Amino acid sequence: MRGDTLMPGTMTNTTTWQRSGIGGDVWGGLAAMLVALPSAIAFGVIIFSPLGGALAAQGALAGILGATALGLIAPACGGSARLITAPSAPAAAVLSALAVNFVQDGVAAQTTLLLLGMIGLLAGLLQIVLGVAGIGKLIKFMPYPVVSGYLSGVGLIIIGSQIPKFLGVAGGSGLLDALGNPSDWIWQSMLVGTVVIVAMLLMPRLTRKVPAPILALLAGVAAYLLLGLPYPALLDTRHNPLLIGALGNGDESLGESVILHWQALNGLGLDSAIKVFVPALTLAVLLSIDTLKSCLVIDAMTGSHHDSDRTLAGQGLGNIASALVGGIPGSGTMGASLINVSSGGKTRLSGLMTGAFSLAAYLLLSPLLAWVPIAALSGILIVIGFRMIDRRSLAFFFTPSTRFDFLVILSVILVAIFGNLITASGVGVGLAILLFIREQTRSSVVRNRIEGREILSKRSRLNNDRELPEQEGDGMVVFELQGSLFFGTASQLQAALEPETATRKYVILSMRRVQSLDVTATHVLEQIKDRLEENNAYLVFCDIPKGLPSGLKMKRFLKDTGVVRPTNKAFAFRQLDDALEWVETHTAAEIPVAQAEAVALDLRDMPVFAGCSAEALAEVETSVESRFVKTGKRLWKAGAVGGSLFLIRRGTVKITLPIGKKENYHLATAGAGDIVGTIGFLNDSGHVADALALVDVEVYVLTRERFDTLAERQPGLALIIVEHLARNLSDRLRVTVSEVQALRG
């Protein structure tokens, strides 16, 4: 019998329970709680301790309530299955700083608690607004130097706020005051904090079955109790500044405390909401960034995808619930989420279990939490803050190409420490934009510059028409543009095109690799067009993308901004070949030529039969047949089996290679006197290209069967035809090679 078979009247065994996914979610939620709850308690103590030592225990309770409310609400409504939401470092950094400011302004402690609760409530509402407005998809595009500086700044703020508690300095002393008064230091507090820090660093090397914060916290409690043996005063939890103390008010139950907080919070008016709106917006943005950053890491680890906007809405609802029950706000946390994933958590149930276990821990273990030393919590947070510092970014300073990125990170850190986090994020984004503009302006917008004589026309000509390419090439230049054409590169674009306006008849701009275009760049192009028009010259656009990555329709934008209009001397063509043909046709109309397309050639006028005897021409006349093809019709289609040569008597034929459904590559344009259909004639597999009549065309058709017969009667003539075909293919290959060299140069 298989080990996972259910016996009647028995419960599901462990294997089946784990396979169902519930077991993984339960263990993941429990492990995540063991990581998140000590940090939540520590964050609560950070926020409440500036209000007075007696409120430290209430801060610990607020951390537990926050972990419970966030754990129960955010996963149920959010858009990431494995994300664990709990009180977090950004919330602690912002709210503890605000608590200090309120105390310095003389605001009463209870009023400060209510204002902090309203900040959490408004932050939750703003997160919902961000989610509904679709901002979640944009926040995750925050530049890396900004995120790095922001995290490092928060880490340094947390370390700075915890050093006084590590030293055992009573009250809400700042970092400089605490360091400047060594007489206030308490060595027992420093010893306990050191034990916790060492345990936090060493425990992951010894075991990963139990989260390091739990083991470190137990080590800190044990060290404190051992110190209490020779110093009995340390073992008194009442009015002891080194311990959290009893949670909550002894005269009130948890439910009564929550109801009283709710009623007091409801008593705040609109004036209070306006007063704390900016801090609430700061907190909402920072918590959102922290959450989505954690979601991206989880997605990368698990191959999953989260809904950014729904995640923000769920976070907002969780923070509202936390504020209403007296808890502190939070965000999606990296450490607890990774523990959840590694412990088997796969669905939203794991997050719900984290909240449930947090509540159970409070109900069952609240008497024991009173013995947690504040220095132990500060030790945990110092390690957390140190790990938040992006130490790898320090290497950016030593590389010239990344030194500016380092300055962005450093600026964000300094503004975060000496200003505030939201200003730091704004400064970072502004500097990142300048960095982007700098990089764009340093890259050349001209990918390639091709002289007209270097890129040969694909139109075949008679011998007396060979001088046209040189005449066209001297007055033509092709620029292959690339990148972003915007205000930052407009001067570079003008510097490249301006010298050509005095000497060129045609300036062709290939726009294939252009990624963006703004009004400043089009203004420069309009100035170039005006300069060319003054000299009776032309600005020609080609390879215009149908749509830019931004969604902008480039061709319509060029028309709307006045650069390309049917009445002026700026034109747009689909491909470079089309532009070259237009230049050729326009030049040919201005230069007298000996041959006109309207004149039909006889066989004796064909270049291939020049010098042939009358007898040979008579043989040819009996071997070919005449055919008429109307404008827009095909002589043959790619893929069709063909075994005929087409000698063009009159008209023009365009040979194109199909690419995809609608695109094609221009191989050649043939006129009177040319022979086409060579590949289909030589290769029985059929034609590889299309042949389209650009005007009414008359051709002589020589089938393969009749050619074989002709070769038997006139072997010399057949050899002449084959040599002509070989020369024809060689010329076309040479044109293609020249084009490739020019375009890749």
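No value in this document is a laboratory result; all are computed from the given coordinates. The structure presented is a predicted model; accordingly, all values stated were derived computationally and were not measured. Here Cβ is always computed from backbone atoms with ideal geometry, including for glycine, and neighbour counts include all displayed protein chains.
Full extension of the chain segment joining residue 233 with residue 688 gains 154.2 nm, where the gain is 0.36 nm per residue of separation less the Cα-Cα distance.
Checking every one of the trypsin sites (Lys or Arg not before Pro) in the stretch 347-430 against DSSP loop status and a limit of 16 other Cβ atoms within 10 Å picks out no site at all.
For the stretch 627-729, the set of trypsin sites (Lys or Arg not before Pro) satisfying both a DSSP loop assignment and a count of at most 12 other C-beta atoms within 10 Å is given as 630, 633, 661, 662.
Among 144, 506, the ranking by other beta carbons within 10 Å of each residue's beta carbon, starting with the fewest, stands as 144, 506.
Under 5 Å between amide hydrogens, built in the peptide plane, is the criterion, and for residue 515 it picks out 483, 484, 485 among residues at least 5 positions away or on other chains.
Taking GluC sites (Glu not before Pro) across the stretch 627-734, none is in a DSSP loop with at most 12 further Cβ atoms lying within 10 angstrom of its Cβ.
Note on residue 709/residue 637: beta-carbon distance plugged into 1/(1 + (r/R0)^6) with R0 of 35 Å gives a FRET efficiency of 0.85.
Eigen-decomposition of the gyration tensor built on the alpha-carbon atoms of the stretch 358-403 gives equivalent ellipsoid semi-axes of 41, 12, 4 angstrom, largest listed first. The modelled label-to-label distance between residue 516 and residue 491, using points 7 Å beyond Cα along the C-beta direction, is 1.9 nm. Under the simplified labelling scheme, the residue 733-residue 553 pair shows an inter-label distance of 4.5 nm, with each label point 7 Å from Cα along Cα→Cβ. Legend: calculated FRET efficiency, residue 439 to residue 615, from the Cβ-Cβ distance at R0 = 56 Å, rounded to 0.05, equals 0.15.
The stretch 20-394 has equivalent-ellipsoid semi-axes of 29, 24, 20 Å, by the square roots of 5 times the alpha carbon gyration tensor eigenvalues, sorted largest first. Rounded to two decimals, the Cα-based Rg/Rh of the stretch 603-744, with Kirkwood Rh, is 0.98. In this rough spin-label picture, where each label sits 7 Å from Cα along the Cβ direction, the residue 449-residue 107 distance is 6.3 nm. Derived scalar couplings between HN and Hα for the stretch 426-433 equal x, 4, x, 5, x, 5, 5, 5 Hz in order, rounded to whole Hz, by the Karplus curve 6.51 cos²θ - 1.76 cosθ + 1.60 (θ = phi - 60°), x for Gly and Pro.
Fully extending the segment from residue 418 to residue 277 would add 48.7 nm, taking 0.36 nm per residue of separation and subtracting the current Cα-Cα distance.
Amide H to amide H distances under 5 Å link residue 346 with 25, where only residues 5 or more positions off or on other chains count and H is placed in the peptide plane. For the pair residue 574 and residue 622, a Förster radius of 51 Å applied to the C-beta separation gives a FRET efficiency near 0.70, rounded to the nearest 0.05. Remark: 542, 295, 77 ranked as 77, 542, 295, counting other beta-carbon atoms within 10 Å and listing the fewest first.
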